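Please read the structure below before turning to the comments.
The values are calculated or read from the model by the stated rules, or taken from the named source; none is laboratory data. Model, not experiment: these values are computed from the prediction. SASA here: full protein model, heavy atoms, side chains in, ligands and nucleic acids out. Shrake-Rupley method; radii C 1.70, N 1.55, O 1.52, S 1.80 Å.
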Amino acid sequence: MTVQAIHKRASLAQSNARRDAAHFINGTFTAGSTNRGWDNHCPVDNSVIGFVPEGGKVEIDQAVSAARAALEGPWGRMSVVERTDLLGAVADEITRRFDEFLEAESLDTGKPMSLASHIDIPRGAANFKMFTDIAKTISTECFQTPTVDGTGAINYGVRRPKGVIAVISPWNLPLLLMTWKVGPALALGNTVVVKPSEETPLTATLLGEVMNKVGIPKGVYNVVHGFGPNSAGEFLTQHPDVNGITFTGETRTGEAIMRQAALGLRQVSFELGGKNPAIVFADADLDKAIEGTTRSVFSNTGQVCLGTERIYVQRPIFDEFVCRLKQAAETLRLGRPEDPNTNLGPLVSLEHREKVLSFYRKAVEEGATVITGGSIPEMPEDLAAGAWVQPTIWTGLPDHAAAVNEEIFGPCCHIRPFDTEEEAVSVANSTRYGLAAAIWTESLSRAHRVASRMEVGICWVNSWFLRDLRTAFGGSKTSGIGREGGVHSLEFYTELSNVCIKL
Ligand code: NAD
(Lines give C-alpha, C1' and ligand atoms only; values in the text may rest on other atoms or scores of the structure.)
Protein backbone atom coordinates (compact mmCIF):
# COMPACT_ATOMS: atom_id res chain seq x y z
CA MET A 1 0.00 0.00 0.00
CA THR A 2 1.25 3.50 -0.77
CA VAL A 3 1.97 6.10 1.90
CA GLN A 4 -0.81 8.28 0.42
CA ALA A 5 -3.29 5.43 0.78
CA ILE A 6 -2.34 4.97 4.41
CA HIS A 7 -2.83 8.69 5.07
CA LYS A 8 -6.22 8.58 3.36
CA ARG A 9 -7.18 5.72 5.67
CA ALA A 10 -5.83 7.60 8.65
CA SER A 11 -8.01 10.61 8.02
CA LEU A 12 -10.96 8.27 7.58
CA ALA A 13 -10.27 6.78 11.01
CA GLN A 14 -9.93 10.15 12.70
CA SER A 15 -13.04 11.67 11.13
CA ASN A 16 -15.39 8.94 12.21
CA ALA A 17 -13.92 7.18 15.19
CA ARG A 18 -16.89 6.28 17.41
CA ARG A 19 -18.28 2.81 16.85
CA ASP A 20 -20.96 1.04 18.86
CA ALA A 21 -21.18 -2.72 18.40
CA ALA A 22 -24.39 -4.76 18.17
CA HIS A 23 -25.31 -8.41 18.17
CA PHE A 24 -26.17 -9.77 14.72
CA ILE A 25 -28.91 -12.36 15.10
CA ASN A 26 -31.00 -13.83 12.28
CA GLY A 27 -29.84 -11.12 9.87
CA THR A 28 -30.75 -8.24 12.20
CA PHE A 29 -28.61 -5.96 14.34
CA THR A 30 -29.83 -5.74 17.92
CA ALA A 31 -28.73 -4.38 21.28
CA GLY A 32 -30.23 -7.44 22.97
CA SER A 33 -32.23 -7.66 26.15
CA THR A 34 -29.76 -7.66 29.04
CA ASN A 35 -29.23 -3.91 29.46
CA ARG A 36 -25.63 -4.79 30.23
CA GLY A 37 -22.50 -4.05 28.28
CA TRP A 38 -19.16 -2.32 28.39
CA ASP A 39 -17.19 0.57 26.92
CA ASN A 40 -14.78 -0.47 24.19
CA HIS A 41 -11.41 1.27 24.66
CA CYS A 42 -8.86 1.96 21.94
CA PRO A 43 -5.50 0.85 23.38
CA VAL A 44 -3.63 3.60 21.53
CA ASP A 45 -4.77 6.25 24.01
CA ASN A 46 -7.38 4.42 26.13
CA SER A 47 -10.16 6.56 24.63
CA VAL A 48 -13.69 5.11 24.53
CA ILE A 49 -14.59 4.24 20.95
CA GLY A 50 -18.04 2.81 21.54
CA PHE A 51 -20.37 0.65 23.57
CA VAL A 52 -20.68 -3.14 23.31
CA PRO A 53 -23.85 -4.93 24.51
CA GLU A 54 -23.39 -8.09 26.56
CA GLY A 55 -25.43 -11.03 25.33
CA GLY A 56 -27.01 -13.46 27.78
CA LYS A 57 -28.86 -16.76 27.53
CA VAL A 58 -31.72 -15.14 25.59
CA GLU A 59 -29.44 -13.85 22.82
CA ILE A 60 -27.57 -17.14 22.62
CA ASP A 61 -30.86 -19.05 22.39
CA GLN A 62 -32.08 -16.73 19.63
CA ALA A 63 -28.83 -17.01 17.68
CA VAL A 64 -28.62 -20.80 17.95
CA SER A 65 -32.30 -21.15 16.95
CA ALA A 66 -31.72 -18.88 13.94
CA ALA A 67 -28.67 -20.91 12.95
CA ARG A 68 -30.65 -24.17 13.25
CA ALA A 69 -33.53 -22.77 11.19
CA ALA A 70 -31.16 -21.60 8.44
CA LEU A 71 -29.59 -25.02 8.32
CA GLU A 72 -32.96 -26.60 7.81
CA GLY A 73 -34.09 -23.80 5.47
CA PRO A 74 -32.63 -22.07 2.41
CA TRP A 75 -28.97 -22.52 3.33
CA GLY A 76 -29.33 -26.24 3.83
CA ARG A 77 -31.10 -26.60 0.48
CA MET A 78 -28.55 -24.62 -1.53
CA SER A 79 -26.22 -26.42 -3.91
CA VAL A 80 -22.52 -26.20 -3.14
CA VAL A 81 -22.07 -23.99 -6.21
CA GLU A 82 -24.72 -21.49 -5.09
CA ARG A 83 -23.32 -21.50 -1.56
CA THR A 84 -19.72 -21.00 -2.56
CA ASP A 85 -20.63 -18.31 -5.10
CA LEU A 86 -22.21 -16.37 -2.24
CA LEU A 87 -19.10 -16.83 -0.08
CA GLY A 88 -16.93 -15.62 -2.96
CA ALA A 89 -19.11 -12.50 -2.95
CA VAL A 90 -18.45 -12.13 0.81
CA ALA A 91 -14.70 -12.11 0.08
CA ASP A 92 -15.18 -9.52 -2.68
CA GLU A 93 -17.30 -7.32 -0.41
CA ILE A 94 -14.66 -7.42 2.36
CA THR A 95 -12.13 -6.27 -0.24
CA ARG A 96 -14.50 -3.54 -1.47
CA ARG A 97 -14.98 -2.30 2.11
CA PHE A 98 -11.29 -2.77 2.92
CA ASP A 99 -10.93 0.70 4.50
CA GLU A 100 -13.80 0.14 6.92
CA PHE A 101 -12.44 -3.21 8.07
CA LEU A 102 -8.97 -1.74 8.41
CA GLU A 103 -10.24 1.17 10.45
CA ALA A 104 -12.34 -1.07 12.72
CA GLU A 105 -9.45 -3.47 13.34
CA SER A 106 -7.03 -0.66 14.13
CA LEU A 107 -9.48 1.03 16.49
CA ASP A 108 -10.03 -2.20 18.43
CA THR A 109 -6.42 -3.37 18.59
CA GLY A 110 -4.25 -0.31 17.93
CA LYS A 111 -2.25 -2.36 15.44
CA PRO A 112 -0.40 -0.51 12.66
CA MET A 113 -2.53 -0.07 9.54
CA SER A 114 0.51 -1.02 7.47
CA LEU A 115 0.42 -4.46 9.16
CA ALA A 116 -3.35 -4.99 9.12
CA SER A 117 -3.58 -3.92 5.47
CA HIS A 118 -1.04 -6.58 4.49
CA ILE A 119 -2.11 -9.40 6.78
CA ASP A 120 -5.37 -9.16 8.72
CA ILE A 121 -7.83 -7.80 6.17
CA PRO A 122 -6.58 -9.59 3.01
CA ARG A 123 -6.50 -12.87 4.94
CA GLY A 124 -10.06 -12.18 6.13
CA ALA A 125 -11.15 -12.19 2.48
CA ALA A 126 -8.84 -15.07 1.50
CA ASN A 127 -10.31 -17.31 4.21
CA PHE A 128 -13.65 -17.22 2.38
CA LYS A 129 -12.18 -17.68 -1.11
CA MET A 130 -9.87 -20.56 -0.25
CA PHE A 131 -12.44 -22.81 1.40
CA THR A 132 -14.93 -22.37 -1.44
CA ASP A 133 -12.43 -24.16 -3.68
CA ILE A 134 -12.01 -26.99 -1.17
CA ALA A 135 -15.79 -27.39 -0.74
CA LYS A 136 -16.24 -27.86 -4.50
CA THR A 137 -13.67 -30.63 -4.75
CA ILE A 138 -14.50 -32.92 -1.81
CA SER A 139 -13.71 -36.55 -2.49
CA THR A 140 -14.35 -39.53 -0.24
CA GLU A 141 -13.08 -43.09 -0.19
CA CYS A 142 -14.81 -45.93 -2.02
CA PHE A 143 -14.36 -49.72 -1.57
CA GLN A 144 -15.61 -52.68 -3.59
CA THR A 145 -16.49 -55.24 -0.94
CA PRO A 146 -16.69 -59.01 -1.63
CA THR A 147 -19.74 -60.83 -0.22
CA VAL A 148 -20.33 -64.56 0.39
CA ASP A 149 -23.03 -64.77 -2.30
CA GLY A 150 -20.56 -63.41 -4.82
CA THR A 151 -22.57 -60.33 -5.86
CA GLY A 152 -20.47 -57.90 -3.82
CA ALA A 153 -21.15 -54.49 -2.38
CA ILE A 154 -19.91 -50.96 -2.77
CA ASN A 155 -18.99 -48.79 0.21
CA TYR A 156 -18.53 -45.06 -0.16
CA GLY A 157 -18.31 -42.04 2.10
CA VAL A 158 -20.71 -39.09 2.17
CA ARG A 159 -19.85 -35.86 3.93
CA ARG A 160 -22.62 -33.78 5.49
CA PRO A 161 -22.33 -30.47 7.35
CA LYS A 162 -21.82 -30.95 11.08
CA GLY A 163 -24.62 -28.49 11.95
CA VAL A 164 -24.55 -25.38 14.13
CA ILE A 165 -20.96 -24.41 14.91
CA ALA A 166 -19.97 -22.20 17.85
CA VAL A 167 -16.96 -20.02 16.98
CA ILE A 168 -15.09 -18.51 19.95
CA SER A 169 -12.33 -16.20 18.77
CA PRO A 170 -9.50 -14.15 20.34
CA TRP A 171 -8.39 -10.54 20.01
CA ASN A 172 -4.91 -10.71 18.51
CA LEU A 173 -5.90 -11.17 14.83
CA PRO A 174 -9.66 -10.72 15.19
CA LEU A 175 -10.97 -10.81 11.61
CA LEU A 176 -8.30 -13.20 10.37
CA LEU A 177 -8.82 -15.83 13.06
CA MET A 178 -12.61 -15.54 13.15
CA THR A 179 -12.95 -15.98 9.37
CA TRP A 180 -10.41 -18.83 9.50
CA LYS A 181 -13.25 -20.69 11.26
CA VAL A 182 -16.32 -19.09 9.66
CA GLY A 183 -14.96 -19.53 6.08
CA PRO A 184 -14.68 -23.35 6.14
CA ALA A 185 -17.74 -23.78 8.38
CA LEU A 186 -20.00 -21.98 5.90
CA ALA A 187 -18.32 -23.33 2.77
CA LEU A 188 -19.01 -26.85 4.02
CA GLY A 189 -22.69 -26.05 4.63
CA ASN A 190 -22.81 -25.34 8.38
CA THR A 191 -24.22 -22.27 10.10
CA VAL A 192 -22.36 -20.35 12.83
CA VAL A 193 -22.79 -18.41 16.03
CA VAL A 194 -19.69 -16.32 16.70
CA LYS A 195 -18.65 -14.99 20.11
CA PRO A 196 -15.81 -12.59 19.31
CA SER A 197 -13.35 -11.47 21.96
CA GLU A 198 -14.72 -8.80 24.27
CA GLU A 199 -11.64 -6.72 23.37
CA THR A 200 -12.33 -6.67 19.63
CA PRO A 201 -16.03 -6.64 18.72
CA LEU A 202 -15.99 -4.45 15.62
CA THR A 203 -14.95 -6.50 12.58
CA ALA A 204 -17.25 -9.42 13.50
CA THR A 205 -20.12 -6.91 13.67
CA LEU A 206 -19.15 -5.31 10.35
CA LEU A 207 -19.09 -8.73 8.71
CA GLY A 208 -22.83 -8.96 9.47
CA GLU A 209 -23.41 -6.01 7.11
CA VAL A 210 -21.41 -7.80 4.44
CA MET A 211 -23.47 -10.99 4.87
CA ASN A 212 -26.71 -9.06 4.41
CA LYS A 213 -25.37 -7.09 1.46
CA VAL A 214 -24.40 -10.13 -0.59
CA GLY A 215 -27.57 -12.06 0.27
CA ILE A 216 -26.36 -14.74 2.70
CA PRO A 217 -29.67 -16.07 4.12
CA LYS A 218 -30.57 -14.82 7.59
CA GLY A 219 -29.43 -17.03 10.46
CA VAL A 220 -26.38 -18.42 8.64
CA TYR A 221 -23.94 -16.03 10.35
CA ASN A 222 -24.78 -14.79 13.86
CA VAL A 223 -22.72 -12.77 16.33
CA VAL A 224 -23.35 -12.46 20.06
CA HIS A 225 -21.01 -10.27 22.12
CA GLY A 226 -20.06 -10.97 25.69
CA PHE A 227 -17.44 -12.41 28.00
CA GLY A 228 -16.48 -16.02 28.72
CA PRO A 229 -17.49 -17.40 32.13
CA ASN A 230 -21.13 -16.88 33.10
CA SER A 231 -21.67 -14.87 29.93
CA ALA A 232 -22.23 -15.38 26.19
CA GLY A 233 -19.12 -17.58 25.75
CA GLU A 234 -20.12 -20.10 28.40
CA PHE A 235 -23.81 -20.06 27.43
CA LEU A 236 -22.91 -20.69 23.78
CA THR A 237 -20.50 -23.54 24.43
CA GLN A 238 -23.00 -25.21 26.79
CA HIS A 239 -25.96 -24.82 24.46
CA PRO A 240 -27.47 -28.25 23.74
CA ASP A 241 -28.28 -27.42 20.12
CA VAL A 242 -24.67 -26.57 19.18
CA ASN A 243 -23.02 -29.43 17.28
CA GLY A 244 -19.37 -28.42 17.38
CA ILE A 245 -17.17 -25.82 19.08
CA THR A 246 -14.15 -24.30 17.39
CA PHE A 247 -12.01 -22.13 19.63
CA THR A 248 -8.83 -20.09 19.38
CA GLY A 249 -7.39 -18.67 22.57
CA GLU A 250 -5.48 -19.48 25.72
CA THR A 251 -4.81 -23.04 26.78
CA ARG A 252 -6.50 -22.45 30.17
CA THR A 253 -9.63 -21.20 28.45
CA GLY A 254 -9.53 -24.30 26.24
CA GLU A 255 -9.63 -26.46 29.35
CA ALA A 256 -12.73 -24.59 30.61
CA ILE A 257 -14.45 -24.86 27.22
CA MET A 258 -13.67 -28.57 27.05
CA ARG A 259 -15.47 -29.06 30.34
CA GLN A 260 -18.42 -27.06 28.99
CA ALA A 261 -18.38 -29.06 25.73
CA ALA A 262 -18.55 -32.32 27.68
CA LEU A 263 -22.22 -31.57 28.33
CA GLY A 264 -23.88 -33.28 25.39
CA LEU A 265 -20.51 -34.54 24.08
CA ARG A 266 -19.89 -31.79 21.54
CA GLN A 267 -16.77 -32.15 19.39
CA VAL A 268 -14.08 -29.48 19.78
CA SER A 269 -11.34 -28.03 17.61
CA PHE A 270 -8.81 -26.00 19.61
CA GLU A 271 -6.01 -23.66 18.52
CA LEU A 272 -4.33 -22.66 21.77
CA GLY A 273 -1.30 -20.94 23.25
CA GLY A 274 2.36 -21.36 22.41
CA LYS A 275 5.86 -20.71 23.75
CA ASN A 276 7.56 -21.01 20.43
CA PRO A 277 11.30 -21.59 20.03
CA ALA A 278 13.65 -20.44 17.29
CA ILE A 279 16.94 -22.32 16.85
CA VAL A 280 19.74 -20.41 15.12
CA PHE A 281 22.67 -22.60 14.06
CA ALA A 282 26.14 -21.21 13.51
CA ASP A 283 25.82 -22.01 9.79
CA ALA A 284 22.70 -19.80 9.40
CA ASP A 285 22.55 -16.84 7.05
CA LEU A 286 22.68 -14.32 9.88
CA ASP A 287 21.12 -11.42 7.98
CA LYS A 288 18.07 -13.55 7.18
CA ALA A 289 17.92 -14.98 10.70
CA ILE A 290 17.97 -11.51 12.27
CA GLU A 291 15.34 -10.16 9.88
CA GLY A 292 13.05 -13.18 10.36
CA THR A 293 13.50 -13.31 14.12
CA THR A 294 12.85 -9.59 14.48
CA ARG A 295 9.49 -10.20 12.80
CA SER A 296 8.73 -13.38 14.71
CA VAL A 297 9.39 -11.79 18.11
CA PHE A 298 8.00 -8.29 17.67
CA SER A 299 5.30 -8.33 14.93
CA ASN A 300 1.89 -7.27 16.21
CA THR A 301 3.70 -6.24 19.41
CA GLY A 302 4.42 -9.89 20.12
CA GLN A 303 0.74 -10.80 20.18
CA VAL A 304 0.93 -13.61 17.64
CA CYS A 305 0.31 -17.19 18.74
CA LEU A 306 3.05 -18.35 16.35
CA GLY A 307 5.52 -15.71 17.57
CA THR A 308 8.94 -16.57 18.98
CA GLU A 309 9.53 -16.05 22.72
CA ARG A 310 12.57 -18.35 23.15
CA ILE A 311 15.67 -18.16 20.96
CA TYR A 312 18.47 -20.71 21.11
CA VAL A 313 21.66 -19.58 19.35
CA GLN A 314 24.73 -21.74 18.73
CA ARG A 315 27.58 -20.47 20.88
CA PRO A 316 30.04 -19.25 18.16
CA ILE A 317 27.50 -16.66 16.92
CA PHE A 318 25.69 -15.99 20.22
CA ASP A 319 27.23 -12.59 21.07
CA GLU A 320 26.86 -11.27 17.53
CA PHE A 321 23.24 -12.46 17.33
CA VAL A 322 22.30 -10.81 20.65
CA CYS A 323 23.98 -7.57 19.61
CA ARG A 324 22.24 -7.47 16.22
CA LEU A 325 18.78 -8.40 17.54
CA LYS A 326 19.18 -5.64 20.15
CA GLN A 327 19.98 -3.14 17.38
CA ALA A 328 16.96 -4.32 15.38
CA ALA A 329 14.64 -4.05 18.42
CA GLU A 330 15.87 -0.55 19.21
CA THR A 331 15.09 0.70 15.70
CA LEU A 332 11.43 -0.36 15.92
CA ARG A 333 9.14 2.65 16.10
CA LEU A 334 6.13 2.68 18.39
CA GLY A 335 3.36 4.96 17.24
CA ARG A 336 -0.12 5.61 15.97
CA PRO A 337 -1.65 2.95 13.70
CA GLU A 338 -2.17 5.36 10.84
CA ASP A 339 1.47 6.57 10.80
CA PRO A 340 3.15 4.67 7.93
CA ASN A 341 6.45 4.72 9.86
CA THR A 342 4.99 2.87 12.84
CA ASN A 343 6.34 -0.65 13.35
CA LEU A 344 4.66 -1.46 16.67
CA GLY A 345 1.32 -0.53 18.16
CA PRO A 346 0.34 -0.81 21.82
CA LEU A 347 -0.70 -4.04 23.50
CA VAL A 348 -4.42 -4.75 23.22
CA SER A 349 -5.38 -3.38 26.65
CA LEU A 350 -4.02 -2.00 29.90
CA GLU A 351 -4.97 -5.31 31.59
CA HIS A 352 -2.89 -7.27 29.11
CA ARG A 353 -0.02 -4.79 29.60
CA GLU A 354 -0.13 -5.48 33.33
CA LYS A 355 0.22 -9.21 32.60
CA VAL A 356 3.19 -8.59 30.26
CA LEU A 357 4.85 -6.22 32.75
CA SER A 358 4.45 -8.79 35.51
CA PHE A 359 6.61 -11.13 33.38
CA TYR A 360 9.10 -8.30 32.79
CA ARG A 361 9.44 -7.90 36.58
CA LYS A 362 9.56 -11.64 37.21
CA ALA A 363 12.31 -12.16 34.61
CA VAL A 364 14.53 -9.69 36.48
CA GLU A 365 13.73 -11.36 39.81
CA GLU A 366 14.71 -14.71 38.30
CA GLY A 367 18.10 -13.38 37.24
CA ALA A 368 17.69 -12.07 33.69
CA THR A 369 20.11 -9.66 32.11
CA VAL A 370 17.97 -7.06 30.34
CA ILE A 371 19.61 -6.50 26.95
CA THR A 372 17.04 -3.89 25.92
CA GLY A 373 13.63 -2.62 27.04
CA GLY A 374 11.98 -4.01 30.16
CA SER A 375 9.42 -1.34 30.99
CA ILE A 376 6.91 1.24 29.77
CA PRO A 377 8.28 3.58 27.06
CA GLU A 378 7.99 7.35 27.18
CA MET A 379 5.27 8.28 24.74
CA PRO A 380 3.97 11.71 23.59
CA GLU A 381 1.33 13.18 25.91
CA ASP A 382 -1.62 12.28 23.67
CA LEU A 383 -0.61 8.58 23.74
CA ALA A 384 0.58 8.33 27.34
CA ALA A 385 -2.63 6.66 28.56
CA GLY A 386 -2.30 3.86 25.97
CA ALA A 387 -1.12 0.28 26.57
CA TRP A 388 2.47 0.83 25.39
CA VAL A 389 5.33 -1.42 26.37
CA GLN A 390 8.98 -1.59 25.33
CA PRO A 391 10.30 -4.33 23.04
CA THR A 392 12.40 -6.41 25.41
CA ILE A 393 15.24 -8.94 25.17
CA TRP A 394 16.67 -10.97 28.04
CA THR A 395 19.59 -13.35 28.41
CA GLY A 396 20.86 -15.35 31.35
CA LEU A 397 17.65 -16.95 32.62
CA PRO A 398 17.69 -20.54 33.91
CA ASP A 399 15.72 -23.06 31.85
CA HIS A 400 13.05 -23.36 34.54
CA ALA A 401 12.31 -19.58 34.67
CA ALA A 402 8.70 -18.48 34.18
CA ALA A 403 9.66 -16.17 31.28
CA VAL A 404 11.18 -19.18 29.49
CA ASN A 405 8.22 -21.50 30.03
CA GLU A 406 5.00 -19.45 30.18
CA GLU A 407 3.40 -17.72 27.21
CA ILE A 408 3.80 -13.95 27.73
CA PHE A 409 2.17 -12.69 24.50
CA GLY A 410 4.19 -9.50 24.42
CA PRO A 411 7.12 -8.07 22.37
CA CYS A 412 9.82 -9.98 24.22
CA CYS A 413 12.16 -12.94 24.05
CA HIS A 414 14.88 -14.74 25.95
CA ILE A 415 18.09 -15.74 24.13
CA ARG A 416 20.17 -18.67 25.38
CA PRO A 417 23.33 -20.23 23.90
CA PHE A 418 23.64 -23.92 23.00
CA ASP A 419 26.51 -26.12 21.85
CA THR A 420 25.14 -29.20 20.11
CA GLU A 421 22.18 -30.01 17.88
CA GLU A 422 21.01 -32.56 20.45
CA GLU A 423 20.96 -29.91 23.17
CA ALA A 424 19.06 -27.46 20.93
CA VAL A 425 16.34 -30.00 20.15
CA SER A 426 16.02 -30.95 23.79
CA VAL A 427 15.61 -27.39 25.14
CA ALA A 428 13.35 -26.35 22.25
CA ASN A 429 10.97 -29.23 23.09
CA SER A 430 11.12 -28.66 26.84
CA THR A 431 7.89 -26.71 27.44
CA ARG A 432 4.32 -28.01 27.71
CA TYR A 433 3.44 -26.12 24.51
CA GLY A 434 3.91 -27.37 20.95
CA LEU A 435 2.57 -24.84 18.48
CA ALA A 436 5.37 -23.57 16.20
CA ALA A 437 9.15 -23.48 15.78
CA ALA A 438 11.64 -21.79 13.47
CA ILE A 439 15.02 -23.21 12.48
CA TRP A 440 17.73 -21.12 10.88
CA THR A 441 20.46 -23.11 9.11
CA GLU A 442 22.04 -23.37 5.66
CA SER A 443 22.46 -27.14 6.03
CA LEU A 444 19.71 -29.01 4.21
CA SER A 445 20.23 -32.26 6.06
CA ARG A 446 20.28 -30.55 9.44
CA ALA A 447 17.06 -28.71 8.51
CA HIS A 448 15.26 -32.00 7.71
CA ARG A 449 16.71 -33.77 10.72
CA VAL A 450 15.85 -31.10 13.29
CA ALA A 451 12.44 -30.17 11.80
CA SER A 452 11.25 -33.76 12.06
CA ARG A 453 12.11 -33.80 15.78
CA MET A 454 10.29 -30.60 16.72
CA GLU A 455 7.19 -31.37 18.82
CA VAL A 456 5.08 -28.71 17.11
CA GLY A 457 2.22 -28.32 14.66
CA ILE A 458 4.20 -26.12 12.27
CA CYS A 459 7.96 -25.80 11.81
CA TRP A 460 9.49 -23.14 9.58
CA VAL A 461 12.98 -23.44 8.15
CA ASN A 462 14.65 -20.13 7.24
CA SER A 463 11.30 -18.32 7.37
CA TRP A 464 8.43 -17.43 9.66
CA PHE A 465 4.66 -16.93 9.15
CA LEU A 466 4.90 -18.19 5.58
CA ARG A 467 1.44 -19.73 5.36
CA ASP A 468 -0.22 -21.86 2.69
CA LEU A 469 -3.86 -22.15 3.74
CA ARG A 470 -4.12 -25.63 2.22
CA THR A 471 -1.75 -27.07 4.82
CA ALA A 472 -2.67 -28.60 8.19
CA PHE A 473 -2.65 -26.03 11.00
CA GLY A 474 -2.84 -26.66 14.73
CA GLY A 475 -0.80 -27.42 17.80
CA SER A 476 0.54 -30.43 19.61
CA LYS A 477 0.87 -30.95 23.39
CA THR A 478 -1.16 -28.21 25.15
CA SER A 479 -1.21 -25.99 22.04
CA GLY A 480 -4.28 -27.51 20.49
CA ILE A 481 -6.59 -30.33 19.58
CA GLY A 482 -7.13 -31.23 15.93
CA ARG A 483 -5.99 -29.66 12.68
CA GLU A 484 -7.73 -27.14 10.46
CA GLY A 485 -6.78 -25.77 7.04
CA GLY A 486 -7.27 -27.13 3.55
CA VAL A 487 -8.88 -30.56 3.44
CA HIS A 488 -8.07 -31.04 7.13
CA SER A 489 -10.97 -28.72 7.95
CA LEU A 490 -13.29 -31.38 6.57
CA GLU A 491 -12.60 -33.54 9.61
CA PHE A 492 -14.12 -31.05 12.02
CA TYR A 493 -16.71 -29.23 9.91
CA THR A 494 -18.36 -32.29 8.35
CA GLU A 495 -19.76 -35.62 9.46
CA LEU A 496 -18.56 -38.55 7.40
CA SER A 497 -21.16 -41.28 6.85
CA ASN A 498 -20.50 -44.55 5.09
CA VAL A 499 -23.05 -45.83 2.57
CA CYS A 500 -22.97 -49.57 1.88
CA ILE A 501 -24.87 -50.79 -1.22
CA LYS A 502 -25.34 -54.49 -1.74
CA LEU A 503 -25.22 -55.18 -5.46
P1 NAD B 1 -8.72 -16.06 25.73
O2 NAD B 1 -8.64 -17.52 25.91
O3 NAD B 1 -8.62 -15.19 26.92
O4 NAD B 1 -10.10 -15.67 25.04
C5 NAD B 1 -10.47 -16.19 23.78
C6 NAD B 1 -11.98 -16.18 23.67
O7 NAD B 1 -12.52 -17.10 24.61
C8 NAD B 1 -12.64 -14.84 23.97
O9 NAD B 1 -13.67 -14.63 23.04
C10 NAD B 1 -13.20 -15.04 25.38
O11 NAD B 1 -14.30 -14.23 25.68
C12 NAD B 1 -13.60 -16.50 25.30
N13 NAD B 1 -13.75 -17.19 26.59
C14 NAD B 1 -13.04 -17.01 27.72
N15 NAD B 1 -13.47 -17.86 28.69
C16 NAD B 1 -14.47 -18.61 28.14
C17 NAD B 1 -15.32 -19.65 28.61
N18 NAD B 1 -15.21 -20.14 29.85
N19 NAD B 1 -16.24 -20.16 27.77
C20 NAD B 1 -16.36 -19.70 26.51
N21 NAD B 1 -15.60 -18.70 26.00
C22 NAD B 1 -14.66 -18.17 26.80
O23 NAD B 1 -7.62 -15.71 24.64
P24 NAD B 1 -7.17 -14.26 24.15
O25 NAD B 1 -6.47 -13.59 25.30
O26 NAD B 1 -8.33 -13.58 23.49
O27 NAD B 1 -6.13 -14.61 22.99
C28 NAD B 1 -4.78 -14.84 23.22
C29 NAD B 1 -4.50 -16.32 23.30
O30 NAD B 1 -4.92 -16.97 22.10
C31 NAD B 1 -3.02 -16.65 23.44
O32 NAD B 1 -2.87 -17.71 24.35
C33 NAD B 1 -2.65 -17.12 22.03
O34 NAD B 1 -1.52 -17.97 21.95
C35 NAD B 1 -3.89 -17.82 21.62
N36 NAD B 1 -3.96 -17.93 20.17
C37 NAD B 1 -3.74 -19.15 19.59
C38 NAD B 1 -3.76 -19.26 18.20
C39 NAD B 1 -3.51 -20.57 17.51
O40 NAD B 1 -3.73 -20.64 16.31
N41 NAD B 1 -3.06 -21.60 18.19
C42 NAD B 1 -4.01 -18.12 17.43
C43 NAD B 1 -4.21 -16.90 18.07
C44 NAD B 1 -4.20 -16.81 19.44
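Remarks
- All Cα-Cα distances of the chain, cut into 10 Å bins from zero to the largest, leave 4, 19, 28, 26, 15, 6, 2, 0, 0 percent in each bin in turn.
- Taking a span of 27 Å or more along the helix axis (Cα atoms) and a mean Kyte-Doolittle hydropathy of at least 1.0 as the rule, no DSSP H helix of the chain qualifies.
- The chain, relative contact order in percent, only Cα pairs under 8 angstrom and at least six apart counted: 18
- List Ser375, Ser117, ordered by accessible area with a 1.4 Å probe, largest first: Ser375, Ser117
- Prolate/oblate/rounded call for the range 276-467, Cα gyration tensor, a/c under 1.5 rounded: prolate
- Taking every protein chain into account, the 1.4 Å probe leaves Ile216 with about 10 Å² of accessible area, to the nearest ten.
- Were the residues from Val48 through Ala402 laid out at 0.36 nm apart, the gain over their Cα-Cα distance would be 124.0 nm.
- Å² of accessible area per residue within the range 276-467, as computed with a 1.4 Å probe and no ligands counted: 39
- Ignoring lysines fewer than eight residues from Lys477 along the same chain, the ones with Cα atoms less than 20 angstrom from its Cα are Lys275.
- Euclidean distance between Cα centres, the range 192-241 to the range 134-167, Å: 32
- Accessible-area order (highest first, 1.4 angstrom probe) of the listed residues His400, His23: His400, His23
- Considering only the chain, percent of DSSP beta bridges that pair antiparallel, nearest 5: 45
- Computed on the range 276-467, with alpha-carbon pairs under 8 angstrom and 6+ residues apart, the relative contact order is 30 percent.
- One decimal place: the segment Ile154-Asn462 gains 106.1 nm when fully extended, by the rule 0.36 nm per residue minus the C-alpha distance.
- Per-residue SASA remark: Phe235, around 40 Å² accessible (1.4 Å probe; ligands, DNA and RNA not included).
- Candidate cross-link partners of Lys218 among the lysines, defined by an alpha-carbon separation under 30 Å and a same-chain spacing of 8 or more, comprise Lys57, Lys129, Lys136, Lys162, Lys181, Lys195.
- Proximal aspartates and glutamates relative to Lys326, as straight alpha-carbon distance under 19 Å, when same-chain residues fewer than 8 apart are discounted: Asp285, Asp287, Glu291, Glu309, Glu378
- For the range 281-339, relative contact order (Cα pairs under 8 Å, six or more residues apart, normalised by length) works out to 41 percent.
- Exposure of Leu286 as accessible area (Å², to 10), given a probe of 1.4 Å and all protein chains: 20
- Measuring between their Cα centroids, the range 66-107 and the range 338-407 lie 38 Å from each other.
- Here the accessible area of the range 276-467 is 50 percent carbon and sulfur, with a 1.4 angstrom probe and all protein chains present.
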